[in-house]
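Engineer: Pasting a structure here, questions to come.
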Amino acid sequence: MKYKLVCFDVDGTLIDNVEYSWQLFHDYFRIDAEKREQAKKKFYNGEISYLEWAEHDINMWIEAGVKKEDFLKAMKDSKIRLMEGALETIAKLKKKGLKLVIISGSINIMLDFLLPDYKELFDDVFLSRIYFDSKGNINKVEATKYDMSEKANALKKIAKREKLKLSECVFIGDHHNDIEISKQAGLAIAFDAKDEGLKKVSDLIIDKKDLKEILKYII
Ligand SMILES: [Mg+2]
């Protein structure tokens, strides 16, 4: 087989009805849009790191006093769901012996909610994580630094460890933050893509919202 590893984005790729999970929660909790925008600008201007940006945004949730149950309610009300064909696609790729990886800026609670056994299904998971105490308050946060252009470095790290060439790696993503990693992967699939820049650097564009569509190009 030409490909040995398949890497998935989460928001908008493995999970449908969401562009960015961070934005979903910000909007649902009605977090100050101006403060969010300022932090976002600082990140894009290079004034703060991605981690600082993430920590800034999570602090706004802590200040707003949102609890675990509020996150659950946000996900239910937003009607997020697993992408059509996700389970079948993961099962098929695993059966064929491909390594499966998640490299995402999404948040663990999204996958905990929709795909609770993701840790068993995927060989590597790069994701941001928030944890709650017994009362449901946020008590620990581990934001990933492997979002945006850094997604590409996460893929390089895994490929090196597994002694794989990047040309043997497939990446599937949907948005702006997937551009750099898509340039590196041997096969880059823009899936239900929301960004023209991503389409430009991808080898394949799949508009039909069914992940099974990727299988014929990989196995
Ligand atoms: Mg995405």
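The values are calculated or read from the model by the stated rules, or taken from the named source; none is laboratory data. The structure presented is a predicted model; accordingly, all values stated were derived computationally and were not measured. Positions of Cβ are backbone-derived with ideal geometry, glycine not excepted, and every protein chain shown enters the neighbour counts. Areas reflect the complete protein model, heavy atoms only, side chains present, ligands, DNA and RNA absent. Shrake-Rupley method; radii C 1.70, N 1.55, O 1.52, S 1.80 Å.
Engineer: Can you figure out the FRET efficiency of residue 215 with residue 79, using R₀ = 25 Å and their beta-carbon distance, to the nearest 0.05? Mind dumping the intermediate values first?
Structural biologist: On the way: r = 26 Å, r/R0 = 1.04.
Efficiency computed from Cβ-Cβ geometry: 0.45.
Engineer: Kirkwood Rh and Cα-based Rg: tell me the resulting Rg over Rh for the chain, rounded to two decimals. Present the calculation step by step, with values, prior to reporting the outcome.
Structural biologist: Details: Rg = 17.0 Å, Rh = 17.7 Å.
Radius of gyration over Kirkwood radius for the chain works out to 0.96.
Engineer: How much of the accessible area of the chain, probe 1.4 Å, is carbon plus sulfur, in whole percent?
Structural biologist: 48 percent
Engineer: Ok, one more. Please compute the length gained on full extension between residue 87 and residue 207, using 0.36 nm multiplied by the number of residues separating them and subtracting their Cα-Cα distance.
Structural biologist: Full extension from residue 87 to residue 207 adds 41.3 nm.
Engineer: A follow-up question, please. For the chain, what does the accessible surface come to per residue with a 1.4 Å probe? Please give it in Å².
Structural biologist: Working: 10820 Å² over 219 residues.
Averaged over the residues of the chain, the accessible area is 49 Å².
Engineer: Here's a follow-up. Need the list of lysines near residue 135 for cross-linking: C-alpha distance under 18 angstrom, and skip anything on the same chain fewer than eight residues off.
Structural biologist: Excluding near neighbours in sequence, the set is 67, 68, 73.
Engineer: For the chain, what does the relative contact order come out to in percent, with C-alpha contacts under 8 Å and a separation of six or more?
Structural biologist: Working: 382 pairs, mean separation 54.0, N = 219.
Answer for the chain is 25 percent.
Engineer: Can I ask one more? To the nearest 0.05, what FRET efficiency results for residue 157 and residue 1 with a Förster distance of 22 Å applied to their C-beta separation?
Structural biologist: On the way: r = 22 Å, r/R0 = 1.01.
Efficiency computed from Cβ-Cβ geometry: 0.50.
Engineer: Residue 184: net charge of surrounding residues, Cβ under 14 Å, Lys/Arg +1, Asp/Glu -1, itself excluded?
Structural biologist: 0
Engineer: Can you compute log10 of I(q)/I(0) for the stretch 22-77 with the Debye formula, treating each Cα as one identical point scatterer, at q = 0.15, 0.26 Å⁻¹?
Structural biologist: These q points yield log10 I(q)/I(0) values of -0.43, -1.03.
Engineer: Please identify which residues in the stretch 102-135 have an amide N closer than 18 Å to a label point set 7 Å out from the Cα of residue 180, following the Cα→Cβ vector.
Structural biologist: 102-106, 126-128
Engineer: Then there is this: So what is Rg over Rh here for the stretch 93-194, counting just Cα atoms and using Kirkwood for Rh? Spell out each step's value before the answer.
Structural biologist: On the way: Rg = 14.6 Å, Rh = 14.7 Å.
Ratio of gyration radius to Kirkwood radius for the stretch 93-194: 1.00.
Engineer: Here's something else I'd like to know. Where does the chain land at 222 nm, in deg cm²/dmol rounded to the nearest 500, when only DSSP H runs of n ≥ 4 count, each adding -39500 (n - 2.57), divided by all residues?
Structural biologist: -12000 deg cm²/dmol, from helical runs alone.
Engineer: Per residue of the stretch 36-44, in order, report the coupling 6.51 cos²θ - 1.76 cosθ + 1.60 (Karplus, θ = phi - 60°) as ³J(HN,Hα) in whole Hz, putting x for Gly and Pro.
Structural biologist: For the stretch 36-44, the Karplus curve yields 4, 5, 4, 5, 4, 4, 4, 5, 5 Hz.
Engineer: May I ask what percent, to the nearest 5, of DSSP beta bridges between residues of the chain are antiparallel?
Structural biologist: If I count the DSSP bridges inside the chain, around 25 percent turn out antiparallel.
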